[in-house]
Amino acid sequence: MKKLLFTFIFALCSCLQGCTSIPEGARKMTLNIHGITIEKKDGDIGFLVDYSVSHASPQAMPVDETIITVSINGKLAGENRMTDDIMVESHKDVNFKTFVPANHLKGLSLASLNTPMLKIPAEAEVSLIVDGSDSNMASSFNVKKKYQGIINATAN
């Protein structure tokens, strides 16, 4: 009987612990990708992804991880994984401009991104991970959005 009671209490505490990071009355965030440009940062060439996040929860929403991928012609060109914990303010459109290095391109493909006035069709995907565990209820607050459009080079 003691083992059964201990197991029940442990399971209840585990469930409650997983739900503590989400504010009460939380609603799923809205994610919009506005565009992508080719940029150079600290000597590295890559992509600047412009996106915004909003939500109508009573309190700020915690985001544990942000994953951004950029693909050109169906092939992965760059990926950026950020594990900085951020809090997205409620009832505001919070805008982000995140640099994604072209860390999956090599040689001529990478060099061609350095061409001024370059315009190429591409796809970007932004994922905001509130909770990475699929078994936890908080993972239902994760959001993912895809963008298809033209990437424009900027004057370097």
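Could you look through segment 30-69, keep only residues that are open to solvent by less than 20 Å² (accessible area, probe 1.4 Å) and at pLDDT below 90, and pick out the one that is nearest to Lys92 (Cα to Cα)? If we take residues in segment 30-69 being open to solvent by less than 20 Å² (accessible area, probe 1.4 Å) and at pLDDT below 90, then His55 is nearest to Lys92 (Cα to Cα).
Do you know which residues across segment 77-96 are closer than 30 Å to Leu110 by Cα and either touching a strand residue (DSSP E or B) at 6+ places or on another chain (Cβ under 6 Å) or in contact (Cβ under 8 Å) with a residue 40 or more places away in the chain (or both)? Once the filter is applied, which keeps residues that are closer than 30 Å to Leu110 by Cα and either touching a strand residue (DSSP E or B) at 6+ places or on another chain (Cβ under 6 Å) or in contact (Cβ under 8 Å) with a residue 40 or more places away in the chain (or both), segment 77-96 yields Ala77, Gly78, Glu79, Asn80, Arg81, Met82, Thr83, Asn95, Phe96.
The residue pairs whose first member lies in segment 20-44 and is hydroxyl-bearing (Ser, Thr, Tyr), whose second member is loosely packed, with under 13 Cβ neighbours inside 10 Å and modelled with pLDDT under 90, and whose beta carbons are closer than 7 Å, counting only pairs six or more residues apart or on different chains, are Thr37/Thr154.
Residues of segment 89-119 that are in a strand (DSSP E or B) and at pLDDT below 90: Lys119 alone. Of the residues screened, Val70 is not one that is of a type in the set (A, V, I, L, M) and either part of a loop (DSSP other than H, G, I, E, B) or under 18 Å from Arg27 (Cα atoms) (or both). Of the listed requirements (1) hydroxyl-bearing (Ser, Thr, Tyr); (2) within 18 Å of Lys144 (Cα to Cα); (3) surrounded by 15 or more Cβ atoms within 10 Å (Cβ to Cβ), Thr83 misses just one: (3).
The values are calculated or read from the model by the stated rules, or taken from the named source; none is laboratory data. As the structure is a prediction and not an experimental result, all values here were calculated from the model. We place every Cβ from the backbone using ideal geometry, glycine too, and count neighbours over all the protein chains shown. With ligands, DNA and RNA removed, areas are computed over all heavy atoms of the protein, side chains included. Shrake-Rupley method; radii C 1.70, N 1.55, O 1.52, S 1.80 Å.
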